[in-house]
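The values are calculated or read from the model by the stated rules, or taken from the named source; none is laboratory data. This is a predicted model, so every value here is computed, not measured. Quick reminder, even Gly has a Cβ in these numbers, built from the backbone with ideal geometry, and neighbours come from all protein chains shown. Ligands, DNA and RNA are stripped out before the accessible areas are found, and what is left, the full protein with its side chains, is counted by its heavy atoms. Shrake-Rupley method; radii C 1.70, N 1.55, O 1.52, S 1.80 Å.
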Amino acid sequence: MNLRLKTLLLSNASLAILLLGIALGIRHPILQRFALLEQTLMQKRLEHIASTLIQQVEKLDTNAHQEATWTEMYEYIRKRDPAFYHKNYSFEGLSNLSLDVLGILDREDNFIHLDWVDRKSRQIKALPDRLRADLLKEKRLTEFPADNDPALENSRNVAAVKTTNDLLLLASRPILRSNGKGSYRGTLLMGIFINREFLTQLEKQSEIPLQLDSIAPVPLPPQASIQSGTRQNPVPDLSMTASDALAILKVSQNTHIKEERWIVGEIDLLNSDRQPIQTIVVRAPLLEYQQGEEMLNQLTGVLFLVGISLGIIISLLLDKSIRNQQLLKISEAALQAANQELQKLADLDGLTQIANRRCFDRYLHQEWERAIREQWPITLILCDVDYFKRFNDTYGHQAGDECLRQVAQAIRHALQRSGDLVARYGGEEFAAILPNTNDEGGLRVAIAIQEQVRNLQIEHSTSTACPYISVSLGISTVIPNPVTSPETLIEQSDKKLYRAKELGRNQVVFSTQDVP
C-alpha cells in the first residue's frame, strides 16, 4: 500500500472519528435539554393545578370557619329552631358560596342537617342515606382539640371522601361562639364535589386534559405531606399553603399511550386517614422533538461513513449544516411553544403572589362582556393602603414589601367566591372584581376586607387614620351596556376611593348606578 493511500485512509479515518465524536457530543446535550424542559413544564402544570385545588380548599375552609364561629349557630345547636336554618341557608346563599354539601352535627356526631345543593331543582335537599353513611364514616373530620386547648379555635380538618356517586372535598370546623371561646357544641361541614364538572373548570383554567382514576387505599408513611418527583429523577418539593396535606404530586412518563409519546403527572387526593383514594391524572404530549432525534441518529451514521472519501466529506458537511439548521428550527419552535406554556403561568404579581395588572385588565373586560350579555351587575372595589409612603419612610422598604404581601393575602381571604378576582392594581393599590354582585354584596366584601386588614395588626405609628395599617376603599356597582367601556367603572370607583381619602381615610365609600 503506497504512502498516498495510507495517508488518505488515515486522514479519512481520523476525520470520520472526529466528526462522529462531534455528532455524539451534540446529540446528547440536545436530547437531555428537551427531557429537562419536559419535566419542568409538567411540574409547572402540576403546581398550577395543585395550587388551584389548594385555593378551593382555603376558600371552603374560610367559609366553614365564618359559619362555625358564630354565636347564633352555637345557640341553634341547642334550640334547633327550624326558622334559623331556613333563613340563613337558602339555595341562593349556598350557591353563591359555591357549595355542594352542608352538614351540621352535634357534639356526639349525630347529624342535625346533612344537605346538598340541587342546582337542577334549585332546592336544598337532604343527602341520600348512602352518601350520609359515607360521610359519617370519616370520623377524623369531627376530631378536634379539647375544650380547654387554645388550639381549638383555629383547628380544622380537610379531606377527600369517596362517596357512592362522586369524590367529595370536605372542610370541617368546630362550632364555637363568635369570640371563639368556650367549649364547642358540634361540627360544621362544607364540601364540593370533585366530578367531571369540577375538572372541566380546571381544564379551562389550565388548558390541560384531566381525568379521575380510582386507586385502592394504601397507607402512607408517617407524617406524609405534599411531595413531588419523577419516577426516574427527583425534582424539588412544592410549597403548599393548606394545612393538612391534600395531595402528593408525582410525574411519570409513558411512551405507549395510543402509539404516541406522552408525559403524565399524577395528583393523589387523600382521605382523613391520609391514605390516597383518588388520582387526578394530568396528560400532555411530549415536545415534538422525535423528528430531531431521528435526524441526529442519521447524522451519526452518515458522519461515520464520511471518512471513506475526502470528496464526500464536503457534501456531507454541507448536509450536516442544513440538517443542523432544520434541527435548530425545530428546537426554536419547541422552545417557543414551551415559553408560551410558561407565559400562561405569568399572570401573578411577583411581590404579592396575586393577579397582576395585566390579568386584572383581561378579566375585567371578560366579565364586562359577560355582564352585558346576562344583564347582571358587576362591582369593582379599589383599595389603597393608607399613608403607605409614611410607612415605608418609617419602617423601611423591606417592611413595606412584607406589608403589601400580607394586605394582598388578607384581601384575597375576604373574597368568598371562586369567580371573584383580587389583583395588585399598582403600587400600594389593589382592586377586586366581583361579577354578578350588587351594591349590598360589594359593601359586605369591602367591610370584610377592612376587617381582614385590621386583624393583621401591623403597627403604623405615623398614620393619622389608625395606629395600625388600614385601607381606604371606593366601590362602584353598574349594570353595563354595549355602548360603554370598563373604564367607566374604574373611573367611578376611583372617584369613590378619592372621596374616602378626603373623608380622612380608613373609609368605605360606595355608589350604585346603571352605566348611561
Which of the following residues is among the charged types (D, E, K, R) and at pLDDT 95 or above: Asp439, Asp384? Asp384
Give me the residue from the range 342-395 that is in contact with a Leu (Cβ under 7 Å, 6 or more places away or on another chain) and of a type in the set (S, T, N, Q) and, out of that set, nearest to Ser470 (Cα to Cα). Thr352
Quick one: is Glu108 modelled with pLDDT of 90 or more, open to solvent by 50 Å² or more (accessible area, probe 1.4 Å) and not aromatic (Phe, Trp, Tyr)? yes
Select, from Ala423, Ala432, the only residue that is open to solvent by less than 10 Å² (accessible area, probe 1.4 Å), at pLDDT 95 or above and closer than 17 Å to Gln507 by Cβ. Ala432
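Evaluate the following for Thr352: is it open to solvent by less than 30 Å² (accessible area, probe 1.4 Å) and either part of a strand (DSSP E or B) or over 13 Å from Leu421 (Cα atoms) (or both)? Working first, answer last.
On the way: open to solvent by less than 30 Å² (accessible area, probe 1.4 Å): yes; either part of a strand (DSSP E or B) or over 13 Å from Leu421 (Cα atoms) (or both): yes.
Judged against the criteria, Thr352 is a match.
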Can you pull out every residue in the range 489-511 that is surrounded by 17 or more Cβ atoms within 10 Å (Cβ to Cβ), among the polar types (S, T, N, Q) and either more than 16 Å from Trp368 (Cβ to Cβ) or out of contact with any Gly (no Cβ under 9 Å at 6 or more places or on another chain) (or both)? Asn506, Gln507
Considering only strands (runs of 3 or more DSSP E) wholly within the range 414-516, the ones with at least 3 residues that are without any contact (Cβ under 8 Å) to a residue 12 or more places away in the chain and among the acidic types (Asp, Glu) are none
Residue pairs, Cβ under 7 Å, 6 or more apart or interchain, first in the range 81-95 and closer than 19 Å to Thr71 by Cβ, second surrounded by 15 or more Cβ atoms within 10 Å (Cβ to Cβ). List them. Phe84/Tyr76; Tyr85/His113; Tyr89/Leu102; Tyr89/Ile124
Assess whether Gln406 counts as being in contact with a helix residue (DSSP H, G or I) (Cβ under 6 Å, 6 or more places away or on another chain) and farther than 24 Å from Leu503 by Cβ. yes
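Please determine, by comparing only the residues of the range 58-76 that are of a type in the set (Asp, Glu) and modelled with pLDDT of 90 or more, which one is least open to solvent (accessible area, probe 1.4 Å). Break it down into steps so the answer makes sense when it comes.
First, the residues of the range 58-76 that are of a type in the set (Asp, Glu): 58, 61, 67, 72, 75.
Then keep just the ones that are modelled with pLDDT of 90 or more; that gives 61, 67, 72, 75.
Numbers: Asp61: 5, Glu67: 42, Glu72: 103, Glu75: 50 Å².
If we take residues in the range 58-76 being of a type in the set (Asp, Glu) and modelled with pLDDT of 90 or more, then Asp61 is least open to solvent (accessible area, probe 1.4 Å).
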Taking the range 458-483 on its own, how many of its residues are open to solvent by 30 Å² or more (accessible area, probe 1.4 Å) and among the hydroxyl-bearing types (Ser, Thr, Tyr)? 4
Qualifying position, being under 16 Å from Ile433 (Cβ atoms) and among the aromatic types (Phe, Trp, Tyr), among Tyr363, Tyr395: Tyr363
Across the range 111-158, what is the total count of residues that are farther than 22 Å from Lys181 by Cβ, buried (at least 16 other Cβ atoms within 10 Å of the Cβ) and touching a helix residue (DSSP H, G or I) at 6+ places or on another chain (Cβ under 6 Å)? 4
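Could you identify the single residue in Asp401, Asp386, Asp393 that is surrounded by fewer than 18 Cβ atoms within 10 Å (Cβ to Cβ), touching a residue at least 60 places away in the same chain (Cβ under 8 Å) and closer than 28 Å to Gln457 by Cα? Steps first, please.
Working: Asp401 fails: touching a residue at least 60 places away in the same chain (Cβ under 8 Å); Asp386 fails: surrounded by fewer than 18 Cβ atoms within 10 Å (Cβ to Cβ).
Result of the check over Asp401, Asp386, Asp393: Asp393.
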